[in-house]
Amino acid sequence: MFQSIKLRVLITVVFTLTAIYFFLPSVWPDMPSQLANLFPKNRIRLGLDLQGGMHLLLEVDTEKAMESSVDRLANGLKDTLMEKKVRFRNVESKGGTISIEIAGRENRADFDKVLSDQFPDLDIKSYDTVDGRDKLYLKLKDKRLVEMKKTILDQSLETIRNRVDQFGVTEPEIIPEGDDRILIQLPGIKDPRRAIDLIGRTALLEFKLVDEEHNLEDALRGNVPAGSILMKGAREGSEKSTQRRDTMYLLKDRTLLTGQSLEDAKVKISDRFGEPYVAIKFNAQGARDFDRITGENVNR
């Protein structure tokens, strides 16, 4: 009986000392270096319930992103129909729906060919006939809508992860919830306002043309021409200085492409120069749009 008690006490002491050995670095992070060398380097990572922090639930505005994509398709459709000399009028994009009027059977046949060949993501949902003209209502196909929503959510997750990395948070939890929400848990965050400002900031990639028809200096003096905008950018320094410097650009206000046209974007290293660059991959529609836009603006 006595030996059994001694054995239990010994086991309890061994387990207690072992627990203290592994737990002490977590509760005494500022112990002297000489003493710290005797203990494990890895500390117990305290979660949100033990050390506090931030719990956020963000909603991704997929509807706005969809409308932006449909607006871009409407502009692309208009340009393509003009290029193909298909007669049309009154192209409008509202609430994710494109309305357009096509006159005559021959133009309707040409329009259907343009739609099937170059805009496979769009579908004719309904139409009316007014004064001999077909008024068509176009929307994104259901399959494409599902794909785009998933892409938008995936891109939002990646963007948030990149922003959270700036805080150096140990083991943050960033997971999707449902079709349009993202759960974020950041243990140990001491500055919640800065975190919210950084994480919740809207990010939108847009491709615009440089306005070469007007003078940048006039625009900087306040004479910004109609249909153009001033945007701040950055340029690499000279050979004597590698420091980047801010600069202003005069751009056409119209957005020709957005990030919705991309399937992937990642940093790669050039085989020839050994320097980093951003490699982008367009989806099928984005590739056609990019080809058309660059073809229309050679040497610009």
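Starting from residues that are under 34 Å from the mean Cα position of the chain (by Cα) and open to solvent by 30 Å² or more (accessible area, probe 1.4 Å), keep the ones in the range 72-87 and report whichever is farthest from Glu206 (Cα to Cα).
Residue satisfying both the conditions and the ranking: Lys84.
On the basis of being touching a Gly at 6+ places or on another chain (Cβ under 6 Å) and open to solvent by 10 Å² or more (accessible area, probe 1.4 Å), does Glu59 make the cut?
So Glu59 fails the test.
If a residue has to be crowded, with 18+ Cβ neighbours inside 10 Å and more than 30 Å from Thr62 (Cβ to Cβ) to count, how many in the range 109-137 make the cut?
Going through the range 109-137 one residue at a time, the tally reaches 3.
The values are calculated or read from the model by the stated rules, or taken from the named source; none is laboratory data. Just so it is clear, the structure is predicted and the values come from calculations on it, not from any experiment. Glycine also receives a Cβ, built like all others from the backbone with ideal geometry; neighbour counts cover every protein chain displayed. To get the accessible areas, we keep the full protein, side chains included, count just its heavy atoms, and leave off ligands, DNA and RNA. Shrake-Rupley method; radii C 1.70, N 1.55, O 1.52, S 1.80 Å.
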